[in-house]
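Working notes for the structure below.
The values are calculated or read from the model by the stated rules, or taken from the named source; none is laboratory data. Keep in mind that this is a model prediction, so the values were computed, not measured. Positions of Cβ are generated from backbone atoms using ideal geometry, with glycine treated the same way; all protein chains shown enter the neighbour counts.
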Ligand code: CUA
């Protein structure tokens, strides 16, 4: 039984990567479809080359009469070692070159432009508003289905890699430069973006949520996110807004429409509406928010955010009520 398990387990592990919100092999966008097709072509081509080479090796070592006659040996070497692999690799190269233009195709004029800045270890996301302005959020990207979007990519510190495997290829974010990526999401759903360049201690904790939604829903979301924060409702949340300012949170974080206007940390204006906390590390819930505020280092090693473990339980509860109410 254990030998069967040994055979099955690697297959399960390998195929586990084929599904889910972060898989290049379950594409939900045009670029990702091309990449998945290329992957399968490469896998099948490589499998064929492996079978041919191993088949010939087995033939020579176990089946062919010995001693080998020199002329037929030379034919096997030229045929199996040069002609067949060259043919197969040329076919794969042509296939790869044929789909390349589709991957680097620029977004047509008038497409949605989203700016993304990689920061150790989170994502600053900037959307344009219909009136020509812009607003900022963090660690969440929402896109209308069936329309191209151009990402303008920058880095605030070191090289990061912007990658939404389900939607398309990855592009590096390089300090001092602006790079671009066009995506063509086709399927409504929730996906996961990740940082694809090692960037320090919490590289693995640098993810973001990607929600592809119908155009009308997207417009509603964009209008709502562009607005300033709503005033806290209820005495607990109102008290929390005072704790927020008194504790100095506003020196680093912004909550639009309030005195909190810090710019070095994620914008929290609509934190309550976000799917996750700490750049995709935790589900957005009051308990997780408490964990994050009191001991961020245990969740994201070397994060800039200090732990506020000195807050009283009452202050902490009010603060959480206020932040979760920012929808
Ligand atoms: Cu940013 Cu790895």
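The set of residues in the stretch 53-103 being free of Cβ contacts under 8 Å to residues at least 12 places away in the same chain and under 30 Å from residue 148 (Cα atoms) consists of 93, 94, 97, 98, 100, 101. Against the condition surrounded by 13 or more Cβ atoms within 10 Å (Cβ to Cβ), touching a helix residue (DSSP H, G or I) at 6+ places or on another chain (Cβ under 8 Å), at negative phi and modelled with pLDDT under 90, how does residue 137 come out, does it pass? Spelling it out, it is not the case that residue 137 is surrounded by 13 or more Cβ atoms within 10 Å (Cβ to Cβ), touching a helix residue (DSSP H, G or I) at 6+ places or on another chain (Cβ under 8 Å), at negative phi and modelled with pLDDT under 90. Inspect the stretch 190-200 for any residue being at pLDDT 95 or above, over 19 Å from residue 24 (Cα atoms), more than 11 Å from the chain's Cα centre (by Cα) and more than 16 Å from the ligand (Cβ to nearest atom) and give the result as yes or no. No - not one qualifying residue is present in the stretch 190-200.
Within the stretch 213-262, how many residues turn out to be surrounded by 15 or more Cβ atoms within 10 Å (Cβ to Cβ) and in contact with a strand residue (DSSP E or B) (Cβ under 8 Å, 6 or more places away or on another chain)? The total comes to 11. Against the criterion of being assigned by TED's automatic domain parsing to the domain that holds residue 145, surrounded by 15 or more Cβ atoms within 10 Å (Cβ to Cβ) and within 22 Å of residue 144 (Cα to Cα), residue 207 qualifies. On the basis of being assigned by TED's automatic domain parsing to the domain that holds residue 141 and touching a residue at least 12 places away in the same chain (Cβ under 8 Å), does residue 222 make the cut? Yes.
Screening the stretch 1-82 for helices (runs of 4 or more DSSP H) wholly inside it with 2 or more residues that are modelled with pLDDT of 75 or more and more than 29 Å from the chain's Cα centre (by Cα) returns the ranges 30-58, 70-78.
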